[in-house]
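Structure provided below as structure tokens; questions to follow.
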Amino acid sequence: MTHDHDLELRPTAAQITAALNPPPGRNGGDLVVETLAGLGATTVFGLPGQHALGMFDALRRSDLRYIGLRVENNAGFAADAYGRITGEAAPLLLSTGPGALTSLAALQEARAASAPVLAISSQIPTAGLGGGRHGYLHELPDQSASFRGVVKSVHTVRTQSQIPSAIAEAWKSALTAPHGPVWVEIPQDVLLAETLLPVVTAVDATPEDLVPRPELTAVAADLLSRAARPAIIAGGGVVRADASKKLRQLAEKLQAPVVTTPGGKGAFPWTHPLSLQSWLEDRYTTDFLEDADVVLVVGSGLGELSSNYHTFAPRGRVIQIEADLGKLESNHPALGIHADAWHAVQALLETVGERTDPTAEERVRDLLARVRERIDSQELTLEQGVLESVRRALPATSPSFWDMTILAYWAWSAFDAKGPNHLHSAQGAGGLGYGFPAALGAAAADPTRPVLAVSGDGGALYSIAELATAKQYDLNVTWLIVDDGGYGILREYMTDAFGEATATELTRPDYVALAESFGVPGVRTSPEALEADLAKALAEPGPSVVVLPAVLRMFAATHLG
């Protein structure tokens with residue numbers, strides 16, 4: 001008996017001939033790049049190193065585009081952004097030991113933000129594996145152990161035949177909800193050795209859909225349909241699942257106000273009559289959500305930033321839709337639905353009853369007015385003006401990438417992203433140096449739109465070397481550096497807590513001259529000229545730097561009582 005799939009697996013005569021006569025001069029590195037191409041990759045990021053030369057030599061025999069950064073951590077941030085923008089797994093090629101370990105902070109951010117990064121690292125020669133302490137260059141007793149608590153999955157290769165399957169398995173892991181970074185390591189000798197294996201062609205690594213259990217969505221739909229005051233918290237899972245349109249339909253059907261988390265920026269239209277915008281760091285919003293009799297949380301674990309620093313104490317029922325199993329009910333008792341946001345929201349759309357609530361939009365307007373009154377009472381016109389200037393200068397379809405800096409903390413609450421997948425920051429893990437290299441990755445993903453990076457001077461110093469990358473590949477990124485001469489938010493925290501700050505002040509380089517030394521145009525601006533200078537820089541192709549000397553303040557916290 002012949003099955004249809006048997007015919008699909010049967011090679012053609014041409015495929016047999018090609019397999020029997022592979023081109024000469026290939027090594028284990030070719031198996032890596034051939035597998036990546038077979039999986040659909042077009043662009044790889046990374047940094048070469050002695051043990052990884054087999055992979056990098058193979059790149060010149062492939063059609064893959066290589067974007068080389070100057071620091072492995074920055075290469076990881078670039079791959080992270082490429083994965084967020086495209087929804088594809090972003091290959092990151094690294095060397096052994098110090099090179100691999102330097103990527104850890106970037107991989108932590110990718111894990112926290114569910115960005116699909118496929119990190120492929122070299123390893124010491126096969127004979128050294130197992131922790132025998134042979135004294136190889138870059139040797140670690142167990143390199144993979146450093147990554148197991150950071151990435152989704154770890155895959156160690158020992159022979160060339162294992163390479164295609166290991167990379168395919170890792171690719172599938174990276175793109176299975178929740179997305180995330182994965183780690184593959186391949187010994188130096190395996191990468192360098194000549195291979196007689198046939199060229200890797202199409203590789204199947206299709207991730208499985210994570211669909212909700214119908215009995216759970218039935219209960220959730222019943223709770224929402226009968227709710228008197230439902231509310232929705234939309235997290236990053238909505239953006240990653242491309243579920244924003246579905247969520248809007250659900251909110252309108254339920255007449256449920258929606259607030260977005262920092263990771264969920266743009267998941268719901270900013271000016272929609274049901275939009276509570278993003279003011280989660282505000283007690284008025286916290287009170288509003290606590291007053292809801294049913295809170296639907298979609299794609300968020302309600303962590304520190306999304307719960308007003310764990311002061312949110314819901315009095316009503318909580319329904320939590322979350323692709324990351326470990327986050328279900330991790331902070332609040334809930335009807336936990338383990339599912340991808342798109343599938344779960346679609347299931348609810350098909351089963352909830354339509355609600356009418358003539359007070360919903362009025363309650364939203366009242367809340368936003370009270371938030372605005374609170375902010376306006378704090379004499380923060382400089383900060384609001386700077387953020388508004390950035391919004392007006394940035395094209396509506398352009399993505400922006402924000403470092404951990406005071407202006408970014410404002411953006412989490414007060415910036416209209418103009419759409420899903422437009423605003424990204426390092427709020428997942430909270431490390432410095434994310435903004436500029438991430439923006440480079442986004443520009444590599446889509447060169448048709450200008451990309452904005454926003455950093456403070458402290459964060460900028462982490463990634464200043466990547467001006468060389470921006471120039472080398474002519475990437476369309478405008479970098480706004482807010483220069484306040486130090487770690488501004490730490491200065492505020494320490495002054496408030498101890499009366500004075502320690503270890504927060506930084507010697508200021510001339511960022512404009514520094515940019516120009518890389519061949520990148522730079523301009524020093526002011527709050528009054530920021531909009532015009534930023535718009536001009538964004539309109540001109542290629543990289544540019546805009547420096548704003550300014551000391552910005554945060555709005556008053558509301559979680560401290």
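The values are calculated or read from the model by the stated rules, or taken from the named source; none is laboratory data. Note that the structure is predicted; figures quoted are calculated from it, not measured. Don't worry about glycine lacking a Cβ; one is built from the backbone with ideal geometry, like all the others, and counts go over all protein chains shown. Side chains are part of the model used for accessible areas, which takes the heavy atoms of the whole protein and leaves out ligands, DNA and RNA. Shrake-Rupley method; radii C 1.70, N 1.55, O 1.52, S 1.80 Å.
So which of Ala168, Ala174, Ala115, Ala105 is more than 30 Å from Pro262 (Cα to Cα) and modelled with pLDDT of 95 or more?
Every option except Ala168 fails the conditions.
Can you name the residue in the stretch 420-432 that is touching a strand residue (DSSP E or B) at 6+ places or on another chain (Cβ under 8 Å) and in a loop (DSSP other than H, G, I, E, B) and, of all such residues, is most open to solvent (accessible area, probe 1.4 Å)?
Only one residue fits best here, namely His422.
Could I ask something else about it? In the stretch 123-134, which residue that is under 21 Å from Gly54 (Cα atoms) and touching an Asp or Glu at 6+ places or on another chain (Cβ under 7 Å) is surrounded by the most Cβ atoms within 10 Å (Cβ to Cβ)?
Per the criteria, the residue is Gln123.
In the set Ala89, Ala79, Ala58, which member is closer than 18 Å to Asp474 by Cα and not acidic (Asp, Glu)?
Result of the check over Ala89, Ala79, Ala58: Ala79.
Then there is this: Looking at the stretch 265-306, which of the residues that are at pLDDT 95 or above and among the polar types (S, T, N, Q) is farthest from Ala112 (Cα to Cα)?
Going through the qualifying residues, I end up with Thr271.
When only residues in the stretch 26-47 that are surrounded by 22 or more Cβ atoms within 10 Å (Cβ to Cβ) and small (Gly, Ala, Ser) count, which is farthest from Ile120 (Cα to Cα)?
It comes out as Gly28.
If I filter the stretch 358-378 for residues that are within 21 Å of Val239 (Cβ to Cβ) and not acidic (Asp, Glu), do I get at least one hit?
The answer is no; no qualifying residue exists.
While we're on this one: Say we look at the stretch 377-392 and pick out the residues that are open to solvent by 90 Å² or more (accessible area, probe 1.4 Å) and more than 29 Å from the chain's Cα centre (by Cα); which of these is farthest from Thr525 (Cα to Cα)?
Glu379
Consider Val551 carefully, then state whether it is β-branched (Val, Ile, Thr), touching a residue at least 40 places away in the same chain (Cβ under 8 Å) and open to solvent by less than 60 Å² (accessible area, probe 1.4 Å).
no
Quick grid of which residues meet (1) of a type in the set (A, V, I, L, M, F, W, C); (2) in contact with a Pro (Cβ under 6 Å, 6 or more places away or on another chain); (3) under 17 Å from Asp403 (Cβ atoms):
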site	(1), (2), (3)
Ala460	yes, no, yes
Asp474	no, no, no
Val477	yes, yes, yes
Gly486	no, no, yes
Met494	yes, no, no
Thr502	no, no, no
Gly522	no, no, no
Ala529	yes, no, no
Pro541	no, no, no
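Mind checking which pairs have a first residue in the stretch 510-533 that is surrounded by 17 or more Cβ atoms within 10 Å (Cβ to Cβ) and a second that is among the aromatic types (Phe, Trp, Tyr), Cβ under 7 Å, 6 or more apart or different chains?
Gly522/Tyr511
Quick one: would you say Ala537 is in contact (Cβ under 8 Å) with a residue 12 or more places away in the chain and open to solvent by less than 80 Å² (accessible area, probe 1.4 Å)?
yes
List the strands (runs of 3 or more DSSP E) inside the stretch 256-339, counting only whole elements, that have at least 2 residues being touching a residue at least 40 places away in the same chain (Cβ under 8 Å).
Fully inside the stretch 256-339 and qualifying: 294-298, 317-322, 335-338.
Quick one: count up the residues across the stretch 312-330 that are surrounded by fewer than 20 Cβ atoms within 10 Å (Cβ to Cβ) and closer than 19 Å to Val259 by Cβ.
Within the stretch 312-330, residues that are surrounded by fewer than 20 Cβ atoms within 10 Å (Cβ to Cβ) and closer than 19 Å to Val259 by Cβ number 4.
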